[in-house]
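The structure under discussion appears below in the form of C-alpha coordinates.
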Amino acid sequence: MAEIVLETERLVLRPWKNEDRAPFAAMNADPEVMRYFLSTLGSSESDALVDRIRDHFVSRGFGLFALERKSDGAFLGFTGLSRGPDNTPVAEETEIGWRLARKFWRQGLAYEAASACIDWAWRSTDLSRIVSFTSGENEPSRCLMQKLGLTRRPELDFDSPSIPSDNPLCRQVVYAIERADARGQAERG
(Lines give C-alpha, C1' and ligand atoms only; values in the text may rest on other atoms or scores of the structure.)
Protein backbone atom coordinates (compact mmCIF):
# COMPACT_ATOMS: atom_id res chain seq x y z
CA MET A 1 0.00 0.00 0.00
CA ALA A 2 1.33 3.44 -0.93
CA GLU A 3 1.86 5.85 1.94
CA ILE A 4 -0.54 8.77 1.99
CA VAL A 5 0.87 12.28 2.15
CA LEU A 6 -1.39 15.34 2.09
CA GLU A 7 -0.21 18.91 1.61
CA THR A 8 -1.82 22.24 2.32
CA GLU A 9 -0.50 25.75 1.91
CA ARG A 10 1.51 25.57 5.16
CA LEU A 11 1.49 21.89 6.16
CA VAL A 12 2.51 18.37 5.26
CA LEU A 13 0.39 15.57 6.71
CA ARG A 14 2.58 12.48 6.50
CA PRO A 15 3.42 9.08 7.94
CA TRP A 16 5.15 9.04 11.31
CA LYS A 17 8.94 8.96 11.61
CA ASN A 18 10.90 7.70 14.58
CA GLU A 19 12.24 11.23 15.14
CA ASP A 20 8.65 12.37 15.80
CA ARG A 21 8.56 10.38 19.03
CA ALA A 22 10.49 12.85 21.22
CA PRO A 23 8.53 16.00 20.29
CA PHE A 24 5.30 13.99 20.46
CA ALA A 25 6.16 12.79 23.96
CA ALA A 26 6.98 16.35 25.03
CA MET A 27 3.63 17.53 23.65
CA ASN A 28 1.75 14.72 25.43
CA ALA A 29 3.50 15.58 28.70
CA ASP A 30 2.22 19.18 28.57
CA PRO A 31 -0.66 19.54 31.06
CA GLU A 32 -2.23 22.33 29.00
CA VAL A 33 -2.24 20.24 25.79
CA MET A 34 -3.77 17.34 27.74
CA ARG A 35 -6.19 19.51 29.72
CA TYR A 36 -9.28 17.70 28.37
CA PHE A 37 -7.81 14.23 28.80
CA LEU A 38 -7.64 12.14 31.95
CA SER A 39 -3.89 12.70 32.32
CA THR A 40 -0.70 13.52 30.51
CA LEU A 41 1.24 10.71 28.86
CA GLY A 42 4.70 9.49 29.76
CA SER A 43 7.23 8.65 27.05
CA SER A 44 6.35 4.96 26.92
CA GLU A 45 2.61 5.73 26.70
CA SER A 46 3.27 8.29 23.98
CA ASP A 47 5.42 5.80 22.04
CA ALA A 48 2.67 3.18 22.38
CA LEU A 49 0.21 5.68 20.90
CA VAL A 50 2.52 6.23 17.90
CA ASP A 51 2.63 2.45 17.42
CA ARG A 52 -1.19 2.22 17.55
CA ILE A 53 -1.46 5.08 15.04
CA ARG A 54 0.94 3.32 12.66
CA ASP A 55 -1.01 0.07 13.05
CA HIS A 56 -4.26 1.89 12.24
CA PHE A 57 -2.80 3.01 8.89
CA VAL A 58 -1.92 -0.60 8.10
CA SER A 59 -5.29 -2.05 9.13
CA ARG A 60 -7.60 0.72 7.86
CA GLY A 61 -5.64 2.43 5.08
CA PHE A 62 -5.77 5.80 6.83
CA GLY A 63 -5.10 7.25 10.25
CA LEU A 64 -3.74 10.13 12.27
CA PHE A 65 -1.06 11.87 10.23
CA ALA A 66 2.04 13.41 11.73
CA LEU A 67 1.72 17.12 11.10
CA GLU A 68 4.76 19.01 9.81
CA ARG A 69 5.21 22.69 9.00
CA LYS A 70 6.41 23.12 5.42
CA SER A 71 8.58 26.15 6.10
CA ASP A 72 10.96 24.44 8.52
CA GLY A 73 9.92 20.79 8.94
CA ALA A 74 8.82 21.35 12.56
CA PHE A 75 6.70 18.57 14.06
CA LEU A 76 3.41 20.16 15.18
CA GLY A 77 1.32 17.21 16.38
CA PHE A 78 -1.25 15.10 14.57
CA THR A 79 -4.45 15.41 12.59
CA GLY A 80 -6.38 12.69 10.84
CA LEU A 81 -8.91 9.93 10.89
CA SER A 82 -9.29 7.05 13.30
CA ARG A 83 -11.85 4.49 14.40
CA GLY A 84 -14.26 5.44 17.18
CA PRO A 85 -13.67 3.90 20.60
CA ASP A 86 -15.13 0.49 21.43
CA ASN A 87 -18.28 0.30 23.55
CA THR A 88 -19.56 3.71 22.45
CA PRO A 89 -22.24 4.81 19.96
CA VAL A 90 -19.44 5.84 17.56
CA ALA A 91 -17.47 2.58 17.73
CA GLU A 92 -18.05 1.78 14.06
CA GLU A 93 -17.61 5.38 12.93
CA THR A 94 -14.60 7.22 11.57
CA GLU A 95 -13.48 10.13 13.71
CA ILE A 96 -11.59 13.26 12.71
CA GLY A 97 -9.20 14.29 15.45
CA TRP A 98 -6.25 16.56 16.16
CA ARG A 99 -3.72 17.44 18.82
CA LEU A 100 -1.12 20.17 18.38
CA ALA A 101 1.72 21.34 20.59
CA ARG A 102 0.73 24.49 22.45
CA LYS A 103 3.11 26.82 20.59
CA PHE A 104 1.19 26.04 17.38
CA TRP A 105 -2.28 26.89 18.72
CA ARG A 106 -4.42 29.77 17.45
CA GLN A 107 -2.81 29.90 14.01
CA GLY A 108 -5.54 28.07 12.05
CA LEU A 109 -3.29 25.03 11.61
CA ALA A 110 -5.69 22.47 13.08
CA TYR A 111 -8.47 23.76 10.83
CA GLU A 112 -6.21 23.69 7.77
CA ALA A 113 -5.07 20.14 8.49
CA ALA A 114 -8.48 18.77 9.46
CA SER A 115 -10.08 20.32 6.36
CA ALA A 116 -7.50 18.56 4.20
CA CYS A 117 -8.25 15.23 5.92
CA ILE A 118 -11.98 15.58 5.47
CA ASP A 119 -11.56 16.55 1.81
CA TRP A 120 -9.27 13.54 1.31
CA ALA A 121 -11.82 11.23 2.97
CA TRP A 122 -14.63 12.32 0.66
CA ARG A 123 -12.39 11.90 -2.42
CA SER A 124 -10.66 8.67 -1.44
CA THR A 125 -13.02 6.57 0.68
CA ASP A 126 -16.64 5.50 0.67
CA LEU A 127 -17.30 6.89 4.16
CA SER A 128 -20.82 8.23 4.49
CA ARG A 129 -20.16 10.16 7.71
CA ILE A 130 -17.29 11.51 9.78
CA VAL A 131 -17.70 12.19 13.49
CA SER A 132 -15.72 14.03 16.09
CA PHE A 133 -16.11 14.06 19.85
CA THR A 134 -14.61 15.64 22.92
CA SER A 135 -15.37 16.43 26.51
CA GLY A 136 -18.32 18.77 26.76
CA GLU A 137 -15.96 21.20 28.50
CA ASN A 138 -13.56 21.43 25.53
CA GLU A 139 -14.91 24.60 23.93
CA PRO A 140 -11.93 25.16 21.57
CA SER A 141 -12.37 21.74 19.92
CA ARG A 142 -16.14 22.12 19.80
CA CYS A 143 -15.73 25.46 17.99
CA LEU A 144 -13.33 23.87 15.51
CA MET A 145 -15.79 21.04 14.86
CA GLN A 146 -18.46 23.60 13.99
CA LYS A 147 -16.08 25.60 11.82
CA LEU A 148 -15.31 22.38 9.90
CA GLY A 149 -19.03 21.98 9.15
CA LEU A 150 -19.80 19.26 11.68
CA THR A 151 -23.11 19.57 13.52
CA ARG A 152 -23.97 18.59 17.07
CA ARG A 153 -25.45 15.08 17.40
CA PRO A 154 -26.60 14.77 21.05
CA GLU A 155 -28.19 11.36 20.40
CA LEU A 156 -24.65 10.01 19.92
CA ASP A 157 -23.17 11.54 23.11
CA PHE A 158 -21.62 9.01 25.48
CA ASP A 159 -19.72 8.55 28.69
CA SER A 160 -16.12 7.65 27.94
CA PRO A 161 -15.40 4.08 29.02
CA SER A 162 -11.84 5.13 29.92
CA ILE A 163 -12.77 8.01 32.26
CA PRO A 164 -14.34 7.53 35.70
CA SER A 165 -18.04 8.44 35.67
CA ASP A 166 -17.62 11.03 38.44
CA ASN A 167 -14.97 12.92 36.42
CA PRO A 168 -16.34 16.02 34.60
CA LEU A 169 -14.44 14.94 31.47
CA CYS A 170 -16.38 11.67 31.24
CA ARG A 171 -19.28 12.97 29.13
CA GLN A 172 -18.31 13.16 25.47
CA VAL A 173 -20.26 15.33 23.03
CA VAL A 174 -20.45 14.22 19.40
CA TYR A 175 -20.50 16.20 16.17
CA ALA A 176 -20.84 14.75 12.67
CA ILE A 177 -20.81 15.62 9.01
CA GLU A 178 -22.54 13.49 6.40
CA ARG A 179 -21.10 13.09 2.91
CA ALA A 180 -24.31 14.60 1.45
CA ASP A 181 -24.00 17.63 3.77
CA ALA A 182 -20.39 18.13 2.68
CA ARG A 183 -21.42 18.05 -0.99
CA GLY A 184 -24.10 20.63 -0.32
CA GLN A 185 -21.61 22.91 1.45
CA ALA A 186 -19.17 22.63 -1.44
CA GLU A 187 -21.90 23.43 -3.98
CA ARG A 188 -23.01 26.47 -1.99
CA GLY A 189 -19.43 27.67 -2.08
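The values are calculated or read from the model by the stated rules, or taken from the named source; none is laboratory data. What you see is a predicted model; the values in this text were computed from it and never measured. Note that we place each Cβ from the backbone using ideal geometry, even for glycine, and neighbour counts take in every protein chain shown. Ligands, DNA and RNA are excluded from the accessible area calculation, which covers all protein heavy atoms including side chains. Shrake-Rupley method; radii C 1.70, N 1.55, O 1.52, S 1.80 Å.
For the stretch 56-120, carbon and sulfur atoms together expose 47% of the accessible surface, with a 1.4 angstrom probe and every protein chain in place.
Distance distribution P(r), the stretch 27-169, all Cα-Cα pairs, bin width 10 angstrom from 0: 10, 40, 41, 8, 0 percent. Considering only alpha-carbon pairs that sit under 8 angstrom and 6 or more positions apart, the relative contact order computed for the stretch 93-168 is 33 percent.
Normalising the average separation of contacting C-alpha pairs (under 8 angstrom, six or more residues apart) by the number of residues puts the relative contact order of the chain at 18 percent.
Counting only protein chain heavy atoms and rolling a 1.4 Å probe, the accessible areas of L67, L127 rank, largest first, as L127, L67. Counting only Cβ charges, +1 for Lys and Arg and -1 for Asp and Glu, the dipole size of the chain around its Cα centre is about 480 debye. Since only L148, G63, N18 are under comparison, the one whose Cα sits farthest along the positive direction of the charge dipole of the chain, derived from C-beta charges on Lys, Arg, Asp and Glu, is L148. Charges were assigned to the Cβ only: +1 to each Lys and Arg, -1 to each Asp and Glu. The resulting dipole of the stretch 22-126 about its Cα centre is roughly 360 debye. Annotation for the stretch 85-146: trypsin sites (Lys or Arg not before Pro) lying in DSSP loop with at most 13 further Cβ atoms inside 10 Å of their Cβ are R106. The residues of the chain have, on average, 51 Å² of accessible surface per residue, using a 1.4 Å probe with all protein chains present.
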